[in-house]
1. Quick test of your reading of the structure: Thr5 fulfils all but one of (1) among the hydroxyl-bearing types (Ser, Thr, Tyr); (2) under 15 Å from Gly64 (Cα atoms); (3) loosely packed, with under 12 Cβ neighbours inside 10 Å. Name the failing condition by number.
2. Please specify each residue of the stretch 50-70 satisfying the condition of being closer than 20 Å to Gly8 by Cβ and either surrounded by fewer than 12 Cβ atoms within 10 Å (Cβ to Cβ) or free of Cβ contacts under 8 Å to residues at least 12 places away in the same chain (or both).
3. Evaluate the following for Ala24: is it on the phi > 0 side of the Ramachandran plot and more than 9 Å from the chain's Cα centre (by Cα)?
4. Can you name the condition, by its number, that Leu41 falls short on among (1) farther than 22 Å from Asp9 by Cβ; (2) open to solvent by less than 80 Å² (accessible area, probe 1.4 Å)?
5. Would you pick out the residues in the stretch 14-29 that are out of contact with any strand residue (DSSP E or B) (no Cβ under 7 Å at 6 or more places or on another chain) and either surrounded by 12 or more Cβ atoms within 10 Å (Cβ to Cβ) or of a type in the set (Ser, Thr, Tyr) (or both)?
6. Is it the case that Val28 is at pLDDT 95 or above and over 21 Å from Gly8 (Cα atoms)?
Amino acid sequence: RLDYTAIGDTVNLAARLEGEALPATNLVNRACYETIRDIALVEELEPVMVKGKAKPVVAYKVLGLREDVE
C-alpha cells in the first residue's frame, strides 16, 4: 500500500479557496481559470484574503460547462 501527499503553494491556495466556497460551489484561482476559460462558464468574484497570502486573491466561481464546446 502506498500513500501520496500533494504539497506546495498551489495545494495550499486550493485548500483556502475550498474553505471560502459555499456548499456545492467550485472556486478556482486565476491560473486554473486561464486553463478552463474556453470550456467553462465562470463568474469573477471579489478578491478574497486567504491565509498565507499578503494580497487578496481573485477567485472565480465555476457555473458549468459551455454548451457550444464539443
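1. With (1) among the hydroxyl-bearing types (Ser, Thr, Tyr); (2) under 15 Å from Gly64 (Cα atoms); (3) loosely packed, with under 12 Cβ neighbours inside 10 Å applied to Thr5, the lone miss is (2).
2. Listed by number, the residues that qualify are Lys51, Gly52, Ala54, Lys55.
3. It is true that Ala24 is on the phi > 0 side of the Ramachandran plot and more than 9 Å from the chain's Cα centre (by Cα).
4. Tallying (1) farther than 22 Å from Asp9 by Cβ; (2) open to solvent by less than 80 Å² (accessible area, probe 1.4 Å), Leu41 fails exactly one: (2).
5. Ala14, Ala15, Arg16
6. No.
The values are calculated or read from the model by the stated rules, or taken from the named source; none is laboratory data. Every value quoted in this text rests on a predicted model; they were computed, and no experiment measured them. Quick reminder, even Gly has a Cβ in these numbers, built from the backbone with ideal geometry, and neighbours come from all protein chains shown. Areas reflect the complete protein model, heavy atoms only, side chains present, ligands, DNA and RNA absent. Shrake-Rupley method; radii C 1.70, N 1.55, O 1.52, S 1.80 Å.
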